[in-house]
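The values are calculated or read from the model by the stated rules, or taken from the named source; none is laboratory data. The structure displayed is predicted, hence computed values, not measured ones. Note: areas computed on protein heavy atoms with side chains; ligands, DNA, RNA excluded. Shrake-Rupley method; radii C 1.70, N 1.55, O 1.52, S 1.80 Å.
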Amino acid sequence: MTKTHRINRPRGKIVSAVLTAVLISLAMGIYHYVPIDERLENTYYYSFGFKFAVGLLINLAILLFLITPLSILVDGLLLYRKKDNTYMKLLFAIAAYVLLGFTGGVTYSIFTRNFNTFSAQTIHIVVCSLVFLTFQLVLNRRFLHSSSHR
């Protein structure tokens, strides 16, 4: 592998998937948490730890078994665009990962047979794929130092 294609390393993808799952689960746990002062009587609320753990398991499964394999395919297709400058590569990568997230959302809805919340699932997976791409770019510094590898 050459230095300009560092984004394709599987180790970076797995670390990015785990970091994305932790970040998304943390954000969703904080968003859905109801403080003790605001809780209604005779109503059961899940703890933050429970919401975080369940969200982490679901997000890890989605990221490791759905988004990571699709991202390998997308990165392979992005390698054919060699003559673009750095910003065009970044723009095409963002567009490709949005399409990857939409495809992942459709696939997830088909396998869970749940089309009632199709738009929410798809938006969640698109956001996961974009955060996944961000972690890959930060960890691999592909677009930050691409001019020094030429």
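Side notes on the structure shown:
- Helix 68-78 vs. the chain, principal-axis angle (Cα, 0 to 90°, nearest 10): 30 degrees
- The slack in the chain from I72 to I30, taken as 0.36 nm per residue of separation less the alpha-carbon distance, amounts to 12.0 nm.
- Net lengthening on full extension, F118/F50 (0.36 nm per residue, minus Cα-Cα): 22.0 nm
- Solvent-accessible area, 1.4 Å probe, carbon plus sulfur percent, for the chain: 68 percent
- Matching label, Rg and Dmax of the Cα atoms in Å computed from the structure shown, candidates (1) 17.8, 65; (2) 22.3, 72; (3) 48.6, 146: (1)
- Accessible surface, per residue, of the chain when the full set of protein chains is kept, probe 1.4 Å, Å²: 66 Å²
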